[in-house]
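As structure tokens, the structure follows; a few thoughts come after it.
The values are calculated or read from the model by the stated rules, or taken from the named source; none is laboratory data. Keep in mind it's a predicted model, so treat the numbers as computed, not measured. Note that each Cβ is placed from the backbone with ideal geometry, even for glycine, and that neighbours are counted across all protein chains shown.
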């Protein structure tokens with residue numbers, strides 16, 4: 001029994017290592033841990049429960065961006081495929097364009113969830129080809145070109161929905177390359 005536990009622990013560590021120490025209950029089960037033992041591993045301090053069905057190895061070094069991995073794992077479908085890709089303002093920061101930090105995380109994908117969507121997430125629905133994706137440690141995000149297209153589309157929708165006027169956008173983009181970009185967006189809107 002001890003040998004199989006060590007082997008299961010090694011398999012789980014290899015899974016969690018690719019995800020900054022995090023893993024799902026399904027991944028733990030696939031590694032060899034019975035479902036009825038998950039609570040015991042939390043109680044003895046081997047695992048930390050981060051969210052429903054999402055854990056972290058307690059001895060694993062702290063992640064740089066733990067929330068990004070947790071919500072990426074949350075977005076997995078029944079086949080355990082990650083559906084959520086960080087996009088919009090979140091991707092803008094991940095791509096190094098901006099230091100802006102939104103209080104909410106934007107994800108794009110095809111979500112077929114019956115559960116409550118956490119308040120921290122803003123979900124956008126779209127098909128994303130692999131060519132539009134970048135990879136972080138344990139999560140995906142849209143590449144710079146796709147991120148810019150998403151933000152331009154958000155501006156267009158804001159104009160069409162009456163949230164912002166072309167004049168307000170022009171006023172916000174008064175100088176430099178941003179002004180030329182805004183002028184192109186406004187022409188296309």
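For segment 129-142, enumerate the residues that are surrounded by fewer than 19 Cβ atoms within 10 Å (Cβ to Cβ) and in contact with a helix residue (DSSP H, G or I) (Cβ under 7 Å, 6 or more places away or on another chain).
Taking segment 129-142 and keeping what is surrounded by fewer than 19 Cβ atoms within 10 Å (Cβ to Cβ), we get 129-131, 133-137.
Hit for segment 129-142 is 136, nothing else.
Taking residue 180, is it at pLDDT 90 or above and either more than 30 Å from residue 19 (Cα to Cα) or in a helix (DSSP H, G or I) (or both)?
no
Looking at the structure I just gave you, is residue 109 within 14 Å of the chain's Cα centre (by Cα) and either in the same structural domain as residue 72 (by TED's automatic domain parsing) or over 26 Å from residue 27 (Cβ atoms) (or both)?
On the way: within 14 Å of the chain's Cα centre (by Cα): yes; either in the same structural domain as residue 72 (by TED's automatic domain parsing) or over 26 Å from residue 27 (Cβ atoms) (or both): yes.
Yes.
Scan segment 1-36 residue by residue and report those that are in a helix (DSSP H, G or I) and surrounded by fewer than 14 Cβ atoms within 10 Å (Cβ to Cβ). Break it down into steps so the answer makes sense when it comes.
Filtering segment 1-36 down to residues in a helix (DSSP H, G or I) leaves 2-17, 25-31, 35-36.
2, 3, 4, 5, 6, 7, 10, 14, 35, 36, listed by residue number.
Among the residues of segment 37-56, which ones are part of a strand (DSSP E or B) and either under 17 Å from the mean Cα position of the chain (by Cα) or in the same structural domain as residue 73 (by TED's automatic domain parsing) (or both)? Before the answer, list the steps.
Kept after step one, since they are part of a strand (DSSP E or B), are these residues of segment 37-56: 47-51, 54-56.
Selection gives 50, 51, 54, 55, 56.
Here is a list of conditions, (1) at pLDDT 85 or above; (2) over 18 Å from residue 92 (Cα atoms), and residue 132 meets all of them except one; can you say which number that is?
Result: residue 132 passes all but (2).
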